[in-house]
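Written out below as structure tokens is the structure these notes cover.
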Amino acid sequence: MDMNEIKEIFFQECEEQLAELESGLLKMNDGDRDPETVNAVFRAVHSIKGGAGAFGLDDLVAFAHVFETTLDCVRSNKLEPNQDVLKVMLKSADVLADLTNAARDGGSVDESRSRGLVKELEALAHGELPSPSAVSEAPAPKPAPKAAPAPVAAAPAPKPTDDSGFQPIPFSFDDFGGEEKPVDLPAYEITFKPRFELYSKGNDATLLLRDLSRLGEMSIYCNADALPGLEELDPEGAYFFWNITIKTDKGEDAIRSVFEFAEWDCDLTVKPAEDSKPGETNEELPMIPVPFDLSILDEGGASEAPAAAGTKADDTAAAVTAAETATNVTQMAAAAARVEKKESAAAAAAAAASAAAQNNAAAGAGQTIRVDLDRVDRLINLVGELVINQAMLSQSVIENDTTGTSSINMGLEELQQLTREIQDSVMAIRAQPVKPVFQRMSRIVREIADMTGKSIRLITEGENTEVDKTVIDKLAEPLTHMIRNAVDHGIETPEKRAAAGKNTEGTVRLTAKHRSGRILIELADDGAGINREKVRQKAIANDLISPDANLSDEEIDNLIFLPGFSTADKISDISGRGVGMDVVKRSIQALGGRINITSRPGQGSVFTMSLPLTLAVLDGMVVTVAGQTLVVPLTAIVETLQPEAAAIHSFGANHRLISIRNSFCPLVDVGRILNFRATQANPVEGVALLVESEGGGQRALMVDAIQGQRQVVIKSLEANYTHVPGIAAATILGDGRVALILDVDAVVGASRGQSLKAEMSLAAVG
Amino acid sequence: MSYTAKNLTLGGNELIAFRIGDQEFCVNIMAVREIRGWTPATAMPHSPSYMIGVINLRGAVLPIIDLSARLGMKPVDPTARHVIIVAQVRRKVVGLLVEAVSDILTVTDDDIQPTPEISSDLQRQFARGILSIEKRMICLIELEALFPDTESEAA
């Protein structure tokens, strides 16, 4: 693995950290004050800083450092994370993301922006600190400063010396309070407990301890209580931990810096010793589980937890443990004599419990694996071929009429079920919540709101809605354009809003939800809505419609999707870079989706995108139309019926309606619309598929016959051919032939009078 | 019968010659992916007349062009003896329906003569030049011209 690969991994991780950072900050912005959230945010910045340092990305390190310092103030409750603070932090997160991107792709970041933020961050870090004496240079423990009467101080944070969730047992220091006398050199008590990860990441406890010994005079005790029996021993595990007393004038920070790179992979506590007398220091080591031999010797019944732990270990382990701990047994004895046994037992039990809870939490979060998307795609393609193959097999069994042998049929059925299950699981690999895309949008809203001097609130809903990764990836671009448009054009300036009697703060609502096998994404703003007269004039001026065209409101709204259309009078920085809504529409269409706009003047606009959940498979009804085999997506079909002559009514020259339970529904001959035949077929000879389109209207699609239902693998037509109006995609049937998948909404649209042919670019192939 | 072009690749300036009616044409061998027998195609709605339809090429949807009709000649009624030349044109893969593949030619740029100036679609649009080999006249087809790049302007 060369340096570039390692760097690539670092940047990938950065992306995750940045996402974590932003989501954490947003949570805090919504009033979440959970220390876990704050820690997660801090950790994200810290990890980026650490990695950037290793790669010598100085700009990134410098900025991350300032950011981290300020976050640390929040973490230690020195700084109240109010809206103003969070605003700065969100901006800093943006700049951090920019710096990361610049470090990866080259390029630079607007320095004035980062410099300004650095100042703001520093001001926050210093400005709100309590009187410096409270956290004087003497390395005092971190609990909330006594001087601060703020409500946060009422419940001192459980001194999170790291972010492991490791919480030292609170101990009363009352007896020693105020008795602290300066000794020659301040002494520190350190508990250093490596986790498994420490060693697997190539860190070595020996080296850390050696580094530590350079700081000053050090006494060190190795605790081997956690050492399991030989048969349970994982040779790569971490079982020992160390209690260290060190006398140094370098300060607590120097000690911590020794462990800087191992910080996330060990449980570390550092605190000043209250008294340098060896006997008493031990009282401040509540985390030392009482050695099992003591608990057995002294009062087995009183301390059950350690005793149980001790009996679990077999004789060998016990012997080893005893030997290992021999050095500190005497010390322990002294400690045990002083510390009440019940308390020590409780401490040990609590420590065990917290460790267990930690493990559970880790398990609950679920383990993940990072896989190259190409591999997953390959797997999906293979499963697609498997599905086709299975269909082929079923078909040839039917054709060869082996119905007599039930074992073959049973086997086939089982195969079908398995194939289906494999397919579902494989598809689930790529399913992801839309959250990351939505989160990116919040940044865009922030930036554009800043640039335009508007005040805008982004509300997201249903961000855990899952959809295929291929869809998510392609969603970001059109969504970005739409958000830009909504903020730049849609929402008015605060003055205008005030004049119109609206809240000066504009609202943009981004919603995702599943609807009948598709994902529906809605972008609603409460802005001015579309100025229909202006759109109309513009369309006439650009020769897009004739001046006397009589268009419905909906049709006018949808004019903005035409190429070369921009309602903005002048090109602003944000939009109007030659990328218009036509591009948005095209990219949505390329995804097999549709986009619609509804607008109410003065009240805002709603863009609705309907996208397939996956680009790979679909449940379809296989039908025959004019000798062709077509697939109709099952999700679109409401019901199927055999029309009777009495139910068919002519309507005008060439329209026919079918009466279904006393309502009339237009009949659409699919063969005619797709130009497979010149005249309309006789409806009585066919089958009607009642479909519901995006617009809500019902249509009866006439086909000649239904062959059956099947799950089909979607194959792209565009890859080698071109987009065909009325056709969503292609698939391959059991006999190896290509069948076309009907685009129900386009067909319904065509039946409303919109020409299918007009959109077709015949030149695309020849 | 189908065999892949890979086995035929000798490198250098090579062309694949094929027959449509009584005329011979050729294309650059580098563009040819494989040559395969005719299989029934699925018709596409709203397609131009020379667009026969699409077939399944190992899981990919492959459009089939009647090259005869595309070059402005009589449309072909495909039979089992017809051949599909699978060719890569820019980023797309298409199938060209021809009567038979006749030859693999090794030529140099000097062997290519300019197309005589006659007013025909064939000459104007698709022919890059004419080769004279063993008293045969073979027209070199510019594949890119058959499928103009419309991606940038396609609506």
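The values are calculated or read from the model by the stated rules, or taken from the named source; none is laboratory data. As the structure is a prediction and not an experimental result, all values here were calculated from the model. Don't worry about glycine lacking a Cβ; one is built from the backbone with ideal geometry, like all the others, and counts go over all protein chains shown. Calculation scope for accessible area: heavy atoms of the full protein, side chains included, ligands and nucleic acids excluded. Shrake-Rupley method; radii C 1.70, N 1.55, O 1.52, S 1.80 Å.
If r is the Cβ-Cβ distance from residue A:439 to residue A:55 and R0 is 22 Å, what FRET efficiency results, to the nearest 0.05? That gives a FRET efficiency of 0.30.
Amide H contacts for residue A:492 (H built 1.01 Å from N in the peptide plane; partners 5 or more residues away or on another chain; cut-off under 5 Å): A:528. One chain, two ends: residue A:450 and residue A:80. Fully extended at 0.36 nm per residue, the span grows by 130.8 nm beyond their Cα-Cα distance.
If you stretched the chain out fully between residue A:408 and residue A:459, how much longer would it get, using 0.36 nm times the residue separation minus the C-alpha to C-alpha distance? Don't skip to the answer; put the middle values down first.
Details: separation 51, 0.36 × 51 = 18.36 nm, distance 5.53 nm.
Extending this stretch completely gives an extra 12.8 nm.
Sequence-ordered 3J(HN,Hα) estimates for the range A:39-46 from the Karplus curve with 6.51, -1.76 and 1.60 and θ = phi - 60° stand at 5, 4, 5, 4, 4, 4, 5, 4 Hz, glycine and proline given as x. Quick one: how many Å² of residue A:554 are accessible to a 1.4 Å probe, rounded to 10? Its heavy atoms expose roughly 110 Å² to the probe.
Peptide A:626-635 is shielded by partner chain Cβ atoms: per residue, an average of 1 of them sit within 10 Å of its Cβ. Shielding of peptide A:712-719 by partners, expressed as the average count of other chain Cβ atoms within 10 Å per residue Cβ, is 3.
Please say if the range A:418-464 is rounded, prolate or oblate, where rounded means a/c under 1.5 for a ≥ b ≥ c the square roots of the C-alpha gyration tensor eigenvalues, and otherwise the choice is prolate for a/b larger than b/c and oblate otherwise?
Details: a/c = 8.13, a/b = 4.28, b/c = 1.90.
Since a/c reaches 1.5 and a/b is larger than b/c, the shape of the range A:418-464 is classed as prolate.
Let me know the charge dipole size of the range A:1-98 about its Cα centre in debye, to the nearest 20, where only the beta-carbon of Lys, Arg (+1) and Asp, Glu (-1) is charged. All intermediate terms of the calculation are to be shown ahead of the outcome.
Details: 9 positive and 20 negative charges, 88 e Å.
The dipole magnitude comes to about 420 debye.
Backbone geometry of the range A:475-484 corresponds, through the Karplus equation with coefficients 6.51, -1.76 and 1.60 at θ = phi - 60°, to 3J(HN,Hα) couplings of 7, 4, 5, x, 5, 4, 4, 5, 5, 4 Hz, x marking Gly and Pro. So for the range A:363-512, considering every pair of alpha-carbon atoms, how many percent are separated by more than 20 Å? The share of Cα pairs beyond 20 Å in the range A:363-512 comes to 66 percent.
In this structure, the amide hydrogen of residue B:102, modeled 1.01 Å from its nitrogen in the peptide plane, lies closer than 5 angstrom to those of B:17, B:18, B:19, counting only residues at least 5 positions away or on a different chain. In this structure the amide hydrogen of residue A:711, modeled in the peptide plane, comes within under 5 Å of the amide hydrogens of A:620, none closer than 5 places in sequence on its chain.
Taking Rh as the Kirkwood radius computed over C-alpha pairs, what is the Stokes-Einstein D of the range A:37-128 at 20 °C in a medium of viscosity 1.002 mPa s, expressed in µm² per second? Approximately 163 µm²/s, per Stokes-Einstein. Per residue of B:37-50, other chain Cβ atoms within 10 Å of the residue Cβ number 6 on average.
For the pair residue A:378 and residue A:8, the difference between a 0.36 nm per residue extended length and the Cα-Cα distance amounts to 130.9 nm. Rg ratio for the range A:47-88: its Cα radius of gyration over 2.2 N^0.38 Å, N being its residue count, equals 1.32. Heavy-atom accessible area for residue A:55, with the other protein chains in place and a 1.4 Å probe, reaches approximately 40 Å².
Take the Cα of residue A:654, step 7 Å toward its Cβ, do the same at residue A:533, and the gap between the two points is 3.8 nm.
Protection proxy ranking of A:704-714, A:21-31, by the mean of other Cβ atoms within 10 Å over each peptide's residues and highest first, is A:21-31, A:704-714.
Accessible area per residue (1.4 Å probe, heavy atoms of protein chains only) ranks A:655, A:481 as A:655, A:481, with the largest value leading. The label point for residue A:646 and the one for residue B:49, both projected 7 Å from the Cα toward the Cβ, are 4.8 nm apart. Couplings 3J(HN,Hα) of the range A:118-123, computed from phi: 4, 4, 4, 5, 5, 4 Hz, in residue order, whole Hz [Karplus 6.51 cos²θ - 1.76 cosθ + 1.60, θ = phi - 60°; x for Gly and Pro].
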